[in-house]
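Peer 1: I'd like to ask some things about the structure below.
The values are calculated or read from the model by the stated rules, or taken from the named source; none is laboratory data. It should be emphasised that the depicted structure is a prediction, and the values quoted were computed from it without experimental measurement. Reconstructed Cβ throughout: ideal geometry from the backbone, glycine too, with neighbour counts over all protein chains shown.
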Amino acid sequence: MTMLDKFVSFAKGLPADRLQSMEATLAALMESYSDGHDFTTAELSEIDRRVSDTNPQFSKPDEITKLFGKPFSA
């Protein structure tokens, strides 16, 4: 039995109120795999440009803290 088969069996046993939540979650997951979430050609070009930059510029730690509300360490 595949994991998908196990999941379908599990979902069939859920009460209606919990099944509705599960269906919404699965719909969101499936939507995230749609072509509408792919990078555009321009975005891919920009990513390529930034990755190939031999002297990248990064935000200062205090700017990161201000944006996220806490420090971000690498």
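Peer 1: Sort out which residues of region 28-47 are surrounded by 10 or more Cβ atoms within 10 Å (Cβ to Cβ) and in a helix (DSSP H, G or I), and write them in order of number.
Peer 2: Within region 28-47, E31, E43, L44, S45, E46, I47 qualify.
Peer 1: Looking for something under 30 Å from S73 (Cβ atoms), free of Cβ contacts under 8 Å to residues at least 12 places away in the same chain and small (G, A, S) - is there at least one such residue anywhere in region 10-24? Talk me through it step by step, then tell me what you get.
Peer 2: Taking region 10-24 as the starting set, the residues that turn out to be under 30 Å from S73 (Cβ atoms) are none.
No - not one qualifying residue is present in region 10-24.
Peer 1: Another one. Only one of these conditions is not met by G69: (1) loosely packed, with under 10 Cβ neighbours inside 10 Å; (2) modelled with pLDDT under 90; (3) among the small types (G, A, S). Which number is it?
Peer 2: (2)
Peer 1: A further question on this structure: (1) surrounded by 10 or more Cβ atoms within 10 Å (Cβ to Cβ); (2) not in a helix (DSSP H, G or I): which one isn't true of L19, the others all being true?
Peer 2: Condition (2) is where L19 drops out.
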